[in-house]
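The values are calculated or read from the model by the stated rules, or taken from the named source; none is laboratory data. Everything quoted here is computed from the prediction, not taken from an experiment. With ideal geometry, Cβ positions are generated from the backbone for all residues, glycine too; neighbour counts draw on all protein chains shown.
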Amino acid sequence: MEKTKKRKTKAKESKENIEAKLSEERLINALNEESLFINATHLNEKMVNDFYKFYRRKVKRADFWSLLLCGFVLVAIGINFLLEGEDYFFGLICNIIINAFLIFLGVYLWVYAFKYQKFNKKESKKIYDDDISTFTNYYYFNDERVIIKNKVGTTERTYECLEAVYDTKNFYYILLTKDSGYIIKKDSFTKGDEKNFNNFIKGKMGKGFKKR
């Protein structure tokens, strides 16, 4: 009796798996047919880190330049007052300590401005149970929206809901929000070509399309 139940359970699970696979295949076939452009980008750690660097210096460039400017001002003030000095010993010591601190703080802001987030495999495995730098992201662009598929799942956005699309030398960076984005490799289109895609996405995004 128990063996019969186990066989029925296995048969049921097998049927469900087959149905799930068929459903996924139908979805992919539908996406292939309706999509004007399809891109399959194979990620690696360097690409992810390059995106983080770009995000820090180009997307958040107001913060980047503000940090550099503040650092410059602090260093200039510190050096200026340090060179002026004081006539008496206690004033000289205070002058050195305070202005040395200002110079140190200015240099720290410069270092912090150039520092950017780096990909952490351990953190990735904690969050996603996988190393996302090894993923292949599939992008399907139709007339109304972009659909992104990978091992984690599926994300879908209409173009007006995208934060921005950045056009760089070798990549497009799609920002879903101000703090999350995807990488599209320009030479990885499997349907349509990059030149026509550029015109297409520029028209869809309007001011949200940015050349960097």
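In table form, for the structure just shown:
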quantity: Unmet requirement for THR190, which otherwise passes all of (1) surrounded by 15 or more Cβ atoms within 10 Å (Cβ to Cβ); (2) under 22 Å from ALA30 (Cβ atoms); calculated: (1)
quantity: Extreme residue, modelled with the highest pLDDT, among residues of the range 95-147 that are surrounded by fewer than 16 Cβ atoms within 10 Å (Cβ to Cβ) and hydroxyl-bearing (Ser, Thr, Tyr); calculated: THR136
quantity: Enumeration of residues in the range 185-199 that are touching a residue at least 60 places away in the same chain (Cβ under 8 Å), within 29 Å of ALA62 (Cβ to Cβ) and not in a strand (DSSP E or B); calculated: PHE197
quantity: Cβ-Cβ under 9 Å pairs, at least 6 apart or on other chains, the range 57-72 side more than 17 Å from TYR166 (Cα to Cα), far side surrounded by 13 or more Cβ atoms within 10 Å (Cβ to Cβ) and β-branched (Val, Ile, Thr); calculated: GLY71/VAL107
